[in-house]
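The values are calculated or read from the model by the stated rules, or taken from the named source; none is laboratory data. Values in this document were obtained by computation on a predicted structure and should not be read as measured data. Using ideal geometry, Cβ is built from the backbone for each residue, glycine included, and neighbour counts are taken over all protein chains shown.
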Amino acid sequence: MISRHCRQALACLLFLLPVAFFCLPVSAAVPEPGQAAPANRMLSGNLSSVGSDTLATLMALWGEGFSRRYPGVNLQIQAAGSSTAPTALAAGAAQLGPMSRPMKNAEIASFRQRYGYPPLAVPVAVDALVVLVNQDNPLTGLTWDQLDAIFSVTQRCGETGQLRRWGDVGLGGSWAERPFARYGRNSASGTYGYFKLRALCGGDFLPQVNELPGSSSVAQAVAGTLNSIGYASIGFHTSGVKALPLAEDGRHFIQPTADNVRNGHYPLTRFLYIYVNKAPGQPLEPLTAAFFSHVLSEAGQRVITRDGYLPLPPDKLREVRELLGLAE
C-alpha cells in the first residue's frame, strides 16, 4: 500500500471545517534538500486555483516549491470539490481548476459556449480509489457486481439482488447479520462522480450511503465503525482500515498496490487533472506556464509521493510537457 506522511494538518482541517470550502494562501517554506532553486523575482502577480479537495494537499505542496522560486506570485488555493472548478474557470475566477475526474460534457459545453473552445485537461498525477473496511473485518475481497450491489440502487453492473448484510458477501459467525454502514463522498466531489461512473456502472447511489465532505472523513468513519464500508482516494488510506482487493471480472482479485496502480491493472486507477483556459495554438499565460513547469518538473513530480499518490509515467510526462509547450 502506498504510504503517505504529510497529510496530517490539512486532512484534519478538511475533516473539521464546517464550511463548504477552505482557502489556502501559499507562502514560502523551508526548501527540501537538493531542491533549492534560485528565486525568480521577475515574475509577479496573482494565481488562483479553485477545485478538488482530493488535490488540496498536493496543490499546497506544489505551491510551497513554486513560491520559493517565484516569491512575487501570490497563489490562492480553494478546495471545495471538483464540481466547483468548471464554473470558476469559465467565469475567469481561477486560472487553475484541479479536478479528480474529467469534466462532464455539460461542463465542457458551458465553457465552450463562452470561449469558443474547450478547456484543456492536464494530467498531473496518478491516483486510485480504494474500497475501505474496518481493519478487523475478515473479508478478503469484493467482485465488481458485489461492490455495485452494496452501494447502488440501480445495480447496473449485473447483481440481481440488493446486498444488505456482511453475510451476503460470504462472512459468517457474528458478522453474518451485521448490516453495512456505507460511507462515501458528497456529490460535489470528483471522487463521488468517478466511483459512480466506474464502480456503479453509471448507476445511482443508495440513499443509505452516508455522504461525507472528504476522503479523510470517510477513512476516519470506517476506522471507527466495525461494520462499515466506504470508498476514498488512496492518498487518504490510514490506520484502522484496510483496502480490499477488487475483481472486475469476478475472478481475479487485484490489490491496490503501487505497482498495480502504476501499470493500470487495478481497476479504479485514475489521473488527477488541472484544467486550464488555453486557446488552441496559443501559449499559456506566463504565471500558469511557470506553475505547470514546476508541477511537471522532477522536483514537482517527486513531491507527489509525499501525499500518497504516484507521479506520471515518464512517457505521459513527456507527452504532457509537449502539449503545454514546456521546454525540457
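Only one of the numbered conditions (1) assigned to a strand (DSSP E or B); (2) in contact with a helix residue (DSSP H, G or I) (Cβ under 6 Å, 6 or more places away or on another chain) is violated by Pro86, and that is (1). Ala80 meets each of the listed conditions (1) under 26 Å from Tyr192 (Cα atoms); (2) at pLDDT 95 or above apart from (2).
Selection of first residues in the stretch 48-63 that are more than 10 Å from Met99 (Cβ to Cβ) and of second residues that are of a type in the set (Asp, Glu), restricted to Cβ pairs under 8 Å at least 6 apart or on distinct chains, gives the following pairs, ordered by first then second residue: Thr57/Asp307; Leu58/Asp307; Leu61/Asp307.
With a requirement of 2 or more residues that are within 26 Å of Arg262 (Cβ to Cβ) and within 23 Å of the chain's Cα centre (by Cα), the strands (runs of 3 or more DSSP E) lying completely within the stretch 120-214 that satisfy it span 120-134, 181-185.
Yes or no, residue by residue, for (1) more than 30 Å from Arg114 (Cβ to Cβ); (2) in contact with an Asp or Glu (Cβ under 6 Å, 6 or more places away or on another chain); (3) among the small types (Gly, Ala, Ser); (4) assigned by TED's automatic domain parsing to the domain that holds Phe66:
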| position | (1), (2), (3), (4) |
| --- | --- |
| Ala199 | yes, no, yes, no |
| Ile229 | yes, no, no, no |
| Phe291 | no, no, no, yes |
| Glu298 | yes, no, no, yes |
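Does the stretch 273-281 contain at least one residue that is basic (Lys, Arg), out of contact with any Gly (no Cβ under 8 Å at 6 or more places or on another chain) and crowded, with 18+ Cβ neighbours inside 10 Å? Looking through the stretch 273-281, at least one residue is basic (Lys, Arg), out of contact with any Gly (no Cβ under 8 Å at 6 or more places or on another chain) and crowded, with 18+ Cβ neighbours inside 10 Å. With respect to being assigned by TED's automatic domain parsing to the domain that holds Thr288, crowded, with 16+ Cβ neighbours inside 10 Å and under 30 Å from Gln255 (Cβ atoms), Pro119 falls outside the description.
When the stretch 209-225 is filtered for residues that are in contact with a helix residue (DSSP H, G or I) (Cβ under 9 Å, 6 or more places away or on another chain) and either crowded, with 19+ Cβ neighbours inside 10 Å or over 20 Å from Met99 (Cα atoms) (or both), the ones remaining, listed by number, are Val209, Asn210, Leu212, Pro213, Gly214, Ser215, Ser216, Ser217, Val218, Ala219, Gln220. When Asp249 is tested against (1) within 26 Å of Pro86 (Cβ to Cβ); (2) modelled with pLDDT under 95, just one condition goes unmet, and that condition is (1).
The residue pairs whose first member lies in the stretch 210-226 and is at pLDDT below 95 and of a type in the set (A, V, I, L, M), whose second member is in a helix (DSSP H, G or I) and surrounded by fewer than 19 Cβ atoms within 10 Å (Cβ to Cβ), and whose beta carbons are closer than 8 Å, counting only pairs six or more residues apart or on different chains, do not exist in this structure. Taken over the stretch 244-264, the criterion of being in a loop (DSSP other than H, G, I, E, B) and surrounded by fewer than 15 Cβ atoms within 10 Å (Cβ to Cβ) is satisfied by Asp249, Gly250, Arg251, His252, Asn263, Gly264. Scanning the stretch 67-83 for residues that are in contact with a strand residue (DSSP E or B) (Cβ under 6 Å, 6 or more places away or on another chain) and assigned to a loop (DSSP other than H, G, I, E, B) yields a single hit, Ser82.
In the stretch 131-161, the residue that is surrounded by the most Cβ atoms within 10 Å (Cβ to Cβ) out of those that are of a type in the set (D, E, K, R) and touching an Asp or Glu at 6+ places or on another chain (Cβ under 8 Å) is Asp148.
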